[in-house]
Every structure is written in C-alpha cells, then in structure tokens.
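A short write-up of the structure that comes next.
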Amino acid sequence: MASVTPSASFFPINVDELVTHVGGVPGARIRLKPAPGTATEADLLYACDHEDQLCELIDGVLVEKTVGAIESYLAIVLSEYLTRFAREHDLGIVLGEAGMLRFSPRKIYLPDISFISWSQNPMREMKKQSVADLHPDLAVEVISPSNSRTEMDKKRRDYFAWGVQIVWELDPGVRLMRVYSSPEEFRTVDINGILEGETVLPGFTLPLAQLFADVDREQGT
C-alpha cells in the first residue's frame, strides 16, 4: 500500500487510513495533489476556480464534493423555497453549494444549502473574502450515492460544534428528510410529511411531496 506524504501538522498515514480520516469517502474523491495534509485555502480556491470541481478542505486534504443531476435539482428547488421565505420575513440569506465557509484554518465546508441569519452580518463578511468566517444556522446536505455514512456523521459533528442549530439531510433515493437537532438526535420527515423551519426559520413549512412534485414528470405520458 502506498504511503501518503506526511506534513508537520498531519500524521504519517497510508491511503486506507487517509480514507478513514476524512470520513470513509471513496478514494476517487480525495485529491493527492497537493499531498494530503498539505493543502491550503489557496489550493482549494484554485481547484474550485480553475478545475471546474468543487472541493472541501478537510484537515489539509482536498475532498471533491459529490455531484448528481437529481441532487443538484432538489438543492436548487429547496433553496428557492428557503430564499423566498427568508426574504419575505427578513431573516437572513441563503447560499448554494459553492458558498465556502471557514470552520477552521484547515477545514472549509461547502454545504449544499446554508441559511445564515442577519445576526452574523453575512454580507459584510462575504465582501471581505471569498471564504467567509460564518457558520450556517441551518445546513442542508443532499445525500448522493458516494456519500458514506461515516462522512456524513463526521461532517454533522463538525456542523454542530461550529454553531449550526439544525441540519437537514435529504435522501432522494427514499424521498425523506432527516432533521437533526444534534449530531445524533433526529426525526424523519417522509414524503407525506411537512418540513418545518422550527426556531431557525419560524413559520416556514414545506410538504416534502411538494419538493419532489416534478421529479417523476415526463412529457407525453
């Protein structure tokens, strides 16, 4: 097994241990250049700007975000509902999957959707730099087949340590949303249920069936 080049702040590990360290993601999603453990914010920005591939920075490792047409469609539709509600009630802003947020100097996340309240002064912060020192009040991840359970568990723990109040994990394959109030505690909203904004977006409601309304649409049938 090949070894990964170590760095001063990242212990020497082999490829299997590297995969485990970043959450069990498929090895194809891990960038080996720059060497794992040495990647910086500048490397992340270059990859996203010049290589047409969104990545996250996890402990000095560039990890490619998952891609999928249905996942992207559902994220856009949900973000439209959230943006409309946030604007109508003057609550804050909504960012899409390219919204880079700094968890720490060596860890930068790009949630599929982020709601950030006005209390964090998001516009002032985003005008200063490409990667904002902000945290989502609500973070949404749309699960793809290449997302491992360990990856999502690890990310969710970081989200709540970061200050996120609610995490939504949408699983298109089974058409349900897991609503997390802590890294481990969640309730499930199935296709017949209603998604609620709770304390983060008070008054927001969305029947989950409405989100999937056009997924099965086919012209001429």
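The values are calculated or read from the model by the stated rules, or taken from the named source; none is laboratory data. Bear in mind that the values here come from a model prediction, so they are computed numbers and not experimental data. Ideal geometry is used to build each Cβ from the backbone, glycine not excepted, and the neighbour counts take in all protein chains shown. The protein model used for the area step is the full one, side chains on, heavy atoms only, and it has no ligands, DNA or RNA in it. Shrake-Rupley method; radii C 1.70, N 1.55, O 1.52, S 1.80 Å.
The stretch 142-221: D in µm²/s via Stokes-Einstein (Kirkwood Rh, Cα pairs, 4 °C, 1.567 mPa s)? Result for D is 93 µm²/s.
Mean sequence separation of contacting Cα pairs (under 8 Å, at least six apart), scaled by the length of the chain, corresponds to a relative contact order of 13 percent. Across q = 0.26 Å⁻¹, the stretch 79-170 modelled as identical point scatterers on its alpha-carbon atoms has Debye log10 I(q)/I(0) values of -1.51, in the order of the q list. Provide the net charge surrounding Gln165, with neighbours chosen by a C-beta distance below 12 Å and charges set as Lys +1, Arg +1, Asp -1, Glu -1. Overall, the nearby charge balance is -2. When all alpha carbon pairs of the chain are counted in 5 Å bins from zero, the resulting P(r) reads 1, 6, 14, 18, 19, 16, 12, 7, 4, 2, 0, 0, 0 %. Compared with the rule-of-thumb size 2.2 N^0.38 Å for a compact globular protein, the stretch 11-103 has a Cα radius of gyration ratio of 1.30. Extending 7 Å from the Cα toward the beta-carbon at both Thr20 and Leu54 defines two label points whose distance is 3.0 nm.
Longer than 19 Å from Cα to Cα, which of Lys33/Lys107; Lys107/Lys154; Lys65/Lys155; Lys128/Lys154; Lys65/Lys154 are they? Say none if no pair is.
Distance filter (> 19 Å) returns Lys128/Lys154.
Annotation: per residue accessible area for the chain equals 50 Å², rounded to a whole number [probe 1.4 Å, protein chains only].
Keeping the other protein chains in place, figure out the carbon and sulfur percent of the accessible area of the stretch 69-193, with a 1.4 Å probe. Carbon and sulfur: 50 percent of the exposed surface of the stretch 69-193.
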